[in-house]
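The next block holds one structure in the form of structure tokens; read it before the comments.
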Amino acid sequence: MKQISLCVLCAGALLWAACTPAPMTTAGYSKTCTAKEDCAAVYVGPVCGCGCDGDAIAKTEIDRYQKEYSARQKGCGQLPLCAPCPTTRYECKAGVCAILSGN
């Protein structure tokens, strides 16, 4: 009986993991810039919970990022009420949008 219970538990954990949307990353988004104004801060991390991790991408990618984020959140079910995050500071450094250290 112990072995059957363990198998059911493992199957349930695998099913949950398969149904949880992938976390947001900035992989595949342009970070090219010539000035800070070309960049925008975005959230990276799990889309079904709260978090304040950030990164920076090119402003030209914001619409695509927001569409992807919204599409992933549709797989979350009930979303928690999250406290606001502190402002993420970013810069254009050597032609690449980047988060300022100390965020």
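The values are calculated or read from the model by the stated rules, or taken from the named source; none is laboratory data. The model shown is predicted, which means the values in this text are computed figures rather than measured ones. Quick reminder, even Gly has a Cβ in these numbers, built from the backbone with ideal geometry, and neighbours come from all protein chains shown.
Tabulated data for the structure shown
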| item | result |
| --- | --- |
| Count of residues meeting criterion [among the aliphatic types (A, V, I, L, M) and under 15 Å from Pro23 (Cα atoms)] in segment 61-84 | 2 |
| Output for segment 34-43, where each listed residue is over 13 Å from the mean Cα position of the chain (by Cα) and not in a loop (DSSP other than H, G, I, E, B) | Lys36, Glu37, Asp38, Cys39, Ala40 |
| Per-region count, segment 57-74, residues of a type in the set (Phe, Trp, Tyr) and under 13 Å from Ala27 (Cβ atoms) | 1 |
| Every residue from segment 44-103 that is at pLDDT 90 or above, at positive phi and more than 12 Å from the chain's Cα centre (by Cα) | Ala94, Gly95 |
| Qualifying residue in segment 19-30 (condition: part of a helix (DSSP H, G or I), loosely packed, with under 15 Cβ neighbours inside 10 Å and at pLDDT 90 or above) | no |
| Identity of the residue in segment 66-103, assigned to a loop (DSSP other than H, G, I, E, B) and among the polar types (S, T, N, Q), that ends up surrounded by the most Cβ atoms within 10 Å (Cβ to Cβ) | Thr88 |
